[in-house]
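Working notes, beginning with the structure itself.
The values are calculated or read from the model by the stated rules, or taken from the named source; none is laboratory data. From a predicted model like this one, the values you see are computed outputs, not experimental measurements. Glycine gets a Cβ as well: all are built from the backbone with ideal geometry, and neighbour counts include every protein chain shown. Ligands, DNA and RNA are excluded from the accessible area calculation, which covers all protein heavy atoms including side chains. Shrake-Rupley method; radii C 1.70, N 1.55, O 1.52, S 1.80 Å.
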Amino acid sequence: MKALTVSELWGGVSGGFHPASAPDYLPLPQLRELQLRRLQAIVNLAYGNVALYRERMDAAHVRPSDITSLEAIRSLPFTVKTDLRDTYPFGLFARPMHEIVRLHASSGTTGKPIVVAYTQEDLDVWTNAMVRTFAACGIHQGDIIQNAYGYGLFTGGLGAHYGAEALGATVIPISGGNTERQIMVMKDFGVSAICCTPSYFLHLADRAETMGVNIRELPLRAGIFGAEPWTEAMRARIEADTGVKAYDIYGLSEITGPGVASECHAQSGLHIFEDHFYPEIIDPDTGDPLPDGQEGELVLTTLSKRAMPMLRYRTRDITTIMCEPCACGRTVRRIRRIGRRSDDMFIIRGVNVFPSQIEVALLEVEGTMPHYHIILSRKNGLDEMEVQVEVTPDVFSDKIRALEDLQAKLAYAVEHTVGIRASIRLVEPHSLQRSEGKAKRVTDNRQM
Ligand SMILES: [Zn+2]
């Protein structure tokens, strides 16, 4: 009898299993032991090779030898995004240039970008984390993956690419943009999974409809969506409208790129690959650590990254660590879906508002499409918020009365959710600008 391969043995298991996923299921004592050993090694490396870490640890009177437990991580100083800018381009590298085999950079909107670096070992870890991501989303050998994350300096494209190849799937490196070609490829190549931002997928679905392509009739069954905050309400819309199972993944270039955390088939929080990325939650105002289960800012420490270790990096992402066991059996902890980034928050009339709160309010109301834009302005010294939202074609062609009713319902939903009255502007389907990458939800026209 022919011996079965691992993927044949496990291929039918719900949620998929790949040998690379083994660390997802480590017994906790073993996982904690592994994390501590890696933490000690990385703190040594950072202290010994990066001036910024050494100076800050000296100032805080912490030595690498003080890290005798995982809890001792709390004695280490935080690292923040401006540290990457201030040390531009190579000031945080812990390995000499001849060991560095890849550089990526963020597209900075102002000034210099941030640069991140990888040794070959770092790339292997990243690829491994992306294999675990795909496997958790039920993607396996035999899948045809359309990778619509941008290729280039952005980490999304190449991160997903090498992970998908290592998984043994077929990758289509189409990158972002050229929406009509994306739809043609999706249909003609029999694509079964797509990687992109959720807002770009909505745009694709939209355009497919106008091209007479019914996504429901295609083999496409899963979307691996990340690189921007989105909500549970948005997921419900995507899944109901397209029949595609929408998975949330999480990552950031400063830590590695995509592949830091991923949902599994339970779609209830994202498993963090914590044997490589150690998570903490802190109070964003005081910096004090918060226990699992409490909401705060996610702080990550890279446990394996050689070229550019990150110690206690403040992500600005607001979430909660969930430590209850997951239905999938993975032992690595989960983070709650990130719907909010503290950077996205805007303040209107003294109230803190996140675009995701508006998104949830809008999608609660029937007749709206998941396309919206928030415009802030100031009239006579008073902040005003206008929310433009697309409505479904049938509502739009309906009577004025129906539109007024819908407008009132939306105004109520927004006010009820954020406590601020907004003027609602209903716009025709397909009239708001679509993004091919991260969606821009807010335009702030207030004079600062
Ligand atoms: Zn799970």
Can you give the direction-averaged projected area of the convex hull of the alpha-carbon atoms in region 314-448, in nm²?
-> 11.4
Accessible surface of region 334-380, 1.4 Å probe, proportion on carbon and sulfur as whole % = 46
What base-10 log of the normalised intensity I(q)/I(0) is obtained for region 214-282 from the Debye formula, alpha carbons as equal point scatterers, at q = 0.26, 0.29 Å⁻¹?
-> -1.20, -1.34
Around Ala246, which amide H atoms from residues at least 5 apart in sequence, or from another chain, sit under 5 Å from its own amide H, with H modelled in the peptide plane?
-> Gly223
Binned at 10 Å from 0, what are the whole-percent values of the Cα-Cα distance distribution for region 172-325, short to long?
-> 10, 35, 29, 18, 7, 0
Given the options Ser377, Ser262, Ser199, which has the most mean-square fluctuation in a GNM of the chain, springs set between C-alpha atoms less than 10 angstrom apart?
-> Ser377
Could you please put Phe93, Phe154 in sequence from largest to smallest accessible area, using a 1.4 Å probe?
-> Phe154, Phe93
Rank these residues by their accessible area, most exposed first, probe 1.4 Å: Tyr47, Tyr412, Tyr313.
-> Tyr412, Tyr47, Tyr313
Working from the pairwise distances between different alpha carbons, so that the mean of 1/r is found and then inverted, what is the chain's Kirkwood radius in Å?
-> 23.2
Taking a probe of 1.4 angstrom, what is the accessible area of Asp124 in Å², to the nearest 10?
-> 90
The answer for region 81-161, accessible area per residue at 1.4 Å probe in Å², is 40
Using Cα pairs closer than 8 Å and at least 6 residues apart in sequence, work out the relative contact order for the chain, in percent.
-> 14
Given the rule -39500 (n - 2.57) for each run of at least 4 DSSP H residues, summed and divided by the residues of the chain, what is its mean residue ellipticity at 222 nm, to the nearest 500 deg cm²/dmol?
-> -9500 deg cm²/dmol
Toy charge model, Lys and Arg Cβ at +1, Asp and Glu Cβ at -1: region 332-448 dipole around Cα centroid in debye, rounded to 20, equals 640
Whose amide H sits under 5 Å from the amide H of Arg95, counting only residues 5 or more places off or on another chain, with H placed in the peptide plane?
-> none
Most mobile listed residue (His373, His98, His140) in the chain, GNM with C-alpha springs under 10 Å = His98
Assigning unit charges at the beta carbon (Lys, Arg +1; Asp, Glu -1) and nothing else, what dipole magnitude in debye, to the nearest 20, does region 50-160 show about its Cα centre?
-> 240
In the chain the DSSP beta bridges are antiparallel at a rate, in percent to nearest 5, of 65
Residue-wise HN-Hα coupling along region 186-193, computed from phi with Karplus coefficients 6.51, -1.76, 1.60 (Hz; x: Gly, Pro) | 4, 6, 6, 8, x, 4, 10, 8
Measuring with a 1.4 Å probe in the full set of protein chains, what accessible area per residue, in whole Å², belongs to region 166-252?
-> 36
Solvent accessible area, Å² - Lys112, 1.4 Å probe, full protein context | 120
What residue among Arg378, Arg38, Arg316 has the largest mean-square fluctuation in a Gaussian network model of the chain, using Cα springs under 10 Å?
-> Arg378
Under 5 Å between amide H atoms, partner at least 5 residues away or on a different chain: which partners does His371 have, H built in plane at 1.01 Å?
-> Glu390
Write down the Å³ per residue value for the convex hull defined by the alpha carbon atoms of region 133-250.
-> 89
Under a 1.4 Å probe, counting only protein heavy atoms, Met97 has an accessible area in Å², nearest 10, of 90
Carbon plus sulfur fraction of accessible area for region 220-317, probe 1.4 Å, in percent = 44
Pairwise centroid distance, computed over Cα atoms, of region 285-313 with region 164-212, Å = 34
Please report, in debye to the nearest 20, how large the charge dipole of the chain is about its Cα centre when each Lys and Arg carries +1 at its beta carbon and each Asp and Glu carries -1 there.
-> 660
In square angstrom, what is the accessible area per residue of region 287-399 with a 1.4 angstrom probe?
-> 40
Note on region 93-202: alpha-carbon gyration tensor, axes a ≥ b ≥ c; rule is a/c under 1.5 for rounded, else prolate if a/b larger than b/c, else oblate; result oblate
Evaluate region 296-390: find the radius of gyration of its Cα atoms, find its Kirkwood radius, and give the ratio Rg to Rh.
-> 1.11
